[in-house]
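Everything on this sheet refers to the single structure shown next.
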Amino acid sequence: MVQVVEPATEEVMAELPQAGVDEADAAVARAADAFPAWRRVEPAERAELLRSVAGRIRDHAEELARLEARNVGKPISDARGEVAMVAEVFNYYAGAPERLLGSTIPVAGGVDMTFREPLGVVGLITPWNFPLSIASWKVGPALAAGNTIVLKPAELTPLTAIELEKIVVEAGVPEGVFNVVVGSGRVVGERIVEHPDVAKVAFTGSTEVGRRIAARAAETIKRVTLELGGKSANVVFADADLEQAAAAAPMAMFGNAGQDCCSRSRILVERSALDRFMEALEEAVEGIAVGDPLDDSTEMGPLISADQRETVASYVNGDAPVAIRGRAPEGRGYWYPPTVLCPVSNDDRAAREEIFGPVACVIPFRDEAEAVRLANDTIYGLSGSIWTRDGGKALRVARDIETGVLSINSNTSVRVSTPFGGFKQSGTGRELGPHALEYYTELKNVYYATEER
Ligand code: NAD
């Protein structure tokens with residue numbers, strides 16, 4: 001059995017049967033059987049089905065948000081925002097089936113045209129930090145393009161994926177098109193990756209597991225999309241609005257209790273502004289409301305598990321001094337206080353590894369060139385921010401930072417209509433926006449001879 005635990009209380013909130021290889025194979029077989037009919041569903045009808053999924057998610061928004069908040073330990077206000085985005089994702093990709101355009105290419109002797117064809121059965125493997133959102137970023141474009149799906153959610157947080165499966169079926173999507181299998185990564189995940197009838201794997205999770213998936217998928221030349229870890233830089237120049245940069249920084253590093261691949265967990269601050277910035281940051285961090293995820297005013301909840309808390313704690317009390325420590329509840333629940341280390345060298349372990357918890361590093365820099373060098377001195381390249389009032393400098397630095405998703409004078413990373421994904425070891429491929437559709441289709445070229453021979 002899979003025991004699903006509520007991180008804020010350490011209580012078991014559900015027990016589910018644990019799938020194995022047989023169940024994974026059965027789900028792939030159902031998806032393979034459903035594919036020929038699903039790919040032939042008229043584009044307008046597929047669009048309508050996706051709109052209907054979006055509508056039903058809105059109808060069930062509050063229960064989905066509560067389930068996600070309890071299971072992940074995330075603040076209910078965040079969970080509500082995530083569920084609203086999930087509905088938006090399905091609505092957005094409802095626009096795709098009728099717009100999967102090809103092109104005609106001038107050639108001799110005939111007509112040449114391209115088609116965007118679905119891949120077949122796609123295997124989706126998702127993490128525990130944004131379970132429903134990340135699933136929707138994959139399910140939306142995969143269905144829109146005419147693929148069928150086997151989704152394996154993280155064992156710690158499978159509950160909203162199970163609800164999504166019900167919603168998709170209630171919306172009228174034929175049985176077998178979307179299949180959820182709850183099991184371990186080592187067994188069910190690996191089976192999906194090696195299965196010869198799975199055409200593509202879209203994975204979000206750690207870089208370590210991503211490497212393994214890429215290697216295994218190579219055996220069957222599967223298409224692979226990888227959304228992996230991050231160690232993103234929040235670059236604050238002395239000419240920025242420092243109050244605004246400091247006020248925005250805490251949630252960019254401690255949102256979702258720091259268990260966010262886009263977390264700006266390295267704040268690079270121009271040395272001449274360090275004292276002013278740290279003073280404002282201290283006030284902002286100490287004000288973070290850490291507590292019951294179901295309380296509307298909570299800004300940060302517990303970590304996902306006791307193991308995760310132990311890992312996070314191992315990065316504190318190393319070489320880097322603790323400069324700021326916020327508050328956290330005591331007693332049951334996997335709590336950890338928001339913690340800022342300063343000054344940190346970019347060579348410290350805390351600055352190099354993805355901590356995936358509420359521990360962030362402040363790293364001083366001298367000038368623009370050093371800021372860019374430090375920002376890029378990491379194996380990762382997922383997100384990042386630049387704070388300055390100098391527009392030319394902002395764009396210069398933005399072009400030089402090796403990262404997939406960057407904000408200027410803002411810490412936002414994700415929008416339904418814009419591409420999301422990483423450079424370097426943060427992954428390969430893009431989700432969201434029109435770009436995601438490329439990764440759920442194969443380009444076919446057809447030549448039609450028109451000249452008599
Ligand atoms: P994880 O890599 O441990 O697990 C992710 C998923 O992969 C789970 O469903 C797990 O069961 C499965 N899995 C584990 N081993 C597997 C294997 N050998 N074969 C196939 N599947 C396997 O990650 P996690 O701890 O759930 O999530 C945290 C990580 O996810 C962090 O590194 C974070 O940065 C990353 N993440 C990245 C993004 C992004 O979009 N780039 C978003 C969220 C999280």
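The values are calculated or read from the model by the stated rules, or taken from the named source; none is laboratory data. None of the values given here were measured: they were computed from a predicted structure. Here the Cβ is made from the backbone with ideal geometry for all residues, glycine too, and neighbour counts use every protein chain on show.
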Study note, to complete from the structure: Scanning region 202-212 for residues that are closer than 19 Å to Thr157 by Cβ, near the ligand (Cβ under 6 Å from one of its atoms) and part of a helix (DSSP H, G or I) gives Val209
Review point. Counting only residues that are touching a residue at least 40 places away in the same chain (Cβ under 8 Å) and either among the polar types (S, T, N, Q) or within 24 Å of Gly205 (Cα to Cα) (or both), how many does region 93-133 have?
Key: 17
Exercise for review: Give the number of residues within region 196-207 that are among the β-branched types (Val, Ile, Thr) and free of Cβ contacts under 8 Å to residues at least 60 places away in the same chain.
Suggested key: 0
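Considering only residues of region 373-384 that are more than 16 Å from the ligand (Cβ to nearest atom) and touching a residue at least 40 places away in the same chain (Cβ under 8 Å), which is nearest to Ser206 (Cα to Cα)?
In the first step, residues of region 373-384 are kept if they are more than 16 Å from the ligand (Cβ to nearest atom); the result is 373-377.
Restricting the remaining residues to those that are touching a residue at least 40 places away in the same chain (Cβ under 8 Å) gives 374-375.
Numbers: Leu374: 22, Ala375: 20 Å.
Per the stated criteria, the residue is Ala375.
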Check your understanding: Which residue out of Val405, Val397, Val446, Val416 is among the hydrophobic types (A, V, I, L, M, F, W, C) and surrounded by fewer than 16 Cβ atoms within 10 Å (Cβ to Cβ)?
Key -> Val446
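It is to be established whether one or more residues within region 123-132 are of a type in the set (Phe, Trp, Tyr) and surrounded by fewer than 24 Cβ atoms within 10 Å (Cβ to Cβ). First the steps, then the outcome.
At the first step, the residues of region 123-132 found to be of a type in the set (Phe, Trp, Tyr) are 128, 130.
Adding the requirement that they be surrounded by fewer than 24 Cβ atoms within 10 Å (Cβ to Cβ) leaves 128.
Yes, that holds for at least one residue.
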Check your understanding: Can we say Lys138 is within 21 Å of the chain's Cα centre (by Cα), among the basic types (Lys, Arg), in a helix (DSSP H, G or I) and modelled with pLDDT of 95 or more?
Key -> yes
Check your understanding: Does Val107 satisfy being in a strand (DSSP E or B) and farther than 20 Å from Glu175 by Cα?
Key -> no
Practice item. Test Ala161 against the stated conditions and say whether it is assigned to a loop (DSSP other than H, G, I, E, B) and without any contact (Cβ under 8 Å) to a residue 40 or more places away in the chain. Key: no
Point to revise | Flag for Thr148 being touching an Asp or Glu at 6+ places or on another chain (Cβ under 7 Å) and in contact (Cβ under 8 Å) with a residue 24 or more places away in the chain | key: no
Exercise for review: Within region 92-114, identify whether any single residue is under 20 Å from Ser52 (Cβ atoms), crowded, with 21+ Cβ neighbours inside 10 Å and within 13 Å of the ligand (Cβ to nearest atom), and answer yes or no.
Suggested key: no
Review point. What residue, of Val193, Val168, is part of a helix (DSSP H, G or I), within 9 Å of the ligand (Cβ to nearest atom) and touching a residue at least 60 places away in the same chain (Cβ under 8 Å)?
Key: Val193
Revision key, fill the gap. Conditions (1) more than 10 Å from the ligand (Cβ to nearest atom); (2) out of contact with any Cys (no Cβ under 8 Å at 6 or more places or on another chain); (3) part of a helix (DSSP H, G or I); (4) in contact (Cβ under 8 Å) with a residue 40 or more places away in the chain -> Ala247 fails only (4)
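Out of Ala199, Ala218, Ala145, which single residue is more than 9 Å from the ligand (Cβ to nearest atom), small (Gly, Ala, Ser), surrounded by fewer than 24 Cβ atoms within 10 Å (Cβ to Cβ) and under 29 Å from Arg99 (Cβ atoms)? Walk me through how you get there before you give the answer.
On the way: Ala218 fails: under 29 Å from Arg99 (Cβ atoms); Ala145 fails: surrounded by fewer than 24 Cβ atoms within 10 Å (Cβ to Cβ).
The conditions single out Ala199.
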Practice item. Give, as residue ranges, the helices (runs of 4 or more DSSP H) completely inside region 291-381 that count at least 2 residues that are buried (at least 16 other Cβ atoms within 10 Å of the Cβ) and of a type in the set (Gly, Ala, Ser). Key: 349-352, 368-376
Point to revise | Filter result for the condition that a residue is touching a Lys or Arg at 6+ places or on another chain (Cβ under 6 Å), outside any loop (DSSP other than H, G, I, E, B), under 28 Å from Asn256 (Cβ atoms) and within 16 Å of the ligand (Cβ to nearest atom), over Val122, Val86 | key: Val122
Review point. Just wondering, is there one or more residues in region 408-419 that are over 27 Å from Ala142 (Cβ atoms) and out of contact with any Ser or Thr (no Cβ under 9 Å at 6 or more places or on another chain)?
Key: no
**Study point:** Given (1) under 23 Å from Val236 (Cα atoms); (2) of a type in the set (A, V, I, L, M); (3) assigned to a helix (DSSP H, G or I), index of the condition Ile288 fails
**Key:** (3)
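Among the residues of region 382-396, write down those that are farther than 24 Å from Ala350 by Cα and either polar (S, T, N, Q) or part of a helix (DSSP H, G or I) (or both).
Narrowing region 382-396 to residues farther than 24 Å from Ala350 by Cα: 388-396.
Answer for region 382-396, where residues must be farther than 24 Å from Ala350 by Cα and either polar (S, T, N, Q) or part of a helix (DSSP H, G or I) (or both): Thr388, Gly391, Gly392, Lys393, Ala394, Leu395, Arg396.
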